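Working notes, beginning with the structure itself.
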Amino acid sequence: MYEGNERHIWSDDGIARIKDTDRAVELSALLDENDPAHVAIEQTLLLFAASGVELSAHAVETAVKVGRHQHRILQEADESAHGVKRDQEGGVVYYARTGSIIKIGTTTNMHARMAEILPDEVLATEPGSYRLEAQRHRQFRKLRVPGKVEWFHAGPLLQEHVLSLRALHGEPDPALPVRHNS
């Protein structure tokens, strides 16, 4: 499942792999993972790198400021948002792969939900409900599949997030219903 020095979720077509030598990944390792804006700062760093910005100490400082600002804007929007469903006790946010895209959803009954959507693989779960699901949808919005609210491309940040959830919460239950490849 995991090959060489590259970290990725699956090895079928190697999309969006993170290489340990990638400068943005090296710099993001220097960031404080406990900073609530950590993900927004990492996304800003990756955007800078993709835009050809030289990732100097000054660029990292700027990414921190921009990321924290973006995080504040998203938090304020979340607090004033209307129509967000009330969280369900005992809910989980799940990450399920079908082909090369990942569904981020929530349920209180994983077995029944996976039987409904029958993914290729359940990648990870984390305790939470609608609020956390909405937060994850915003966090990975740049990876959203056009026209699909809960489906996302498996970009490096999403893959890293799934790996961190596995490390924190363990592997998903192998008895969950998934599509069996013949």
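The values are calculated or read from the model by the stated rules, or taken from the named source; none is laboratory data. Just so it is clear, the model here is predicted, and its values are computed rather than measured. Positions of Cβ are backbone-derived with ideal geometry, glycine not excepted, and every protein chain shown enters the neighbour counts.
To keep it simple, each residue is scored yes or no on (1) at pLDDT 95 or above; (2) surrounded by fewer than 16 Cβ atoms within 10 Å (Cβ to Cβ); (3) under 11 Å from the mean Cα position of the chain (by Cα).
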residue: G128; (1), (2), (3): no, no, no
residue: R141; (1), (2), (3): no, yes, yes
residue: R144; (1), (2), (3): no, no, yes
residue: L158; (1), (2), (3): yes, no, yes
residue: N181; (1), (2), (3): no, yes, no
TODO: Look at segment 116-133 and say how many of its residues are touching a helix residue (DSSP H, G or I) at 6+ places or on another chain (Cβ under 7 Å) and of a type in the set (A, V, I, L, M, F, W, C).
DONE: 3
TODO: Within segment 57-84, track down each residue that is modelled with pLDDT of 75 or more, exposed (fewer than 11 other Cβ atoms within 10 Å of the Cβ) and either part of a loop (DSSP other than H, G, I, E, B) or not hydrophobic (A, V, I, L, M, F, W, C) (or both).
DONE: H58, E61
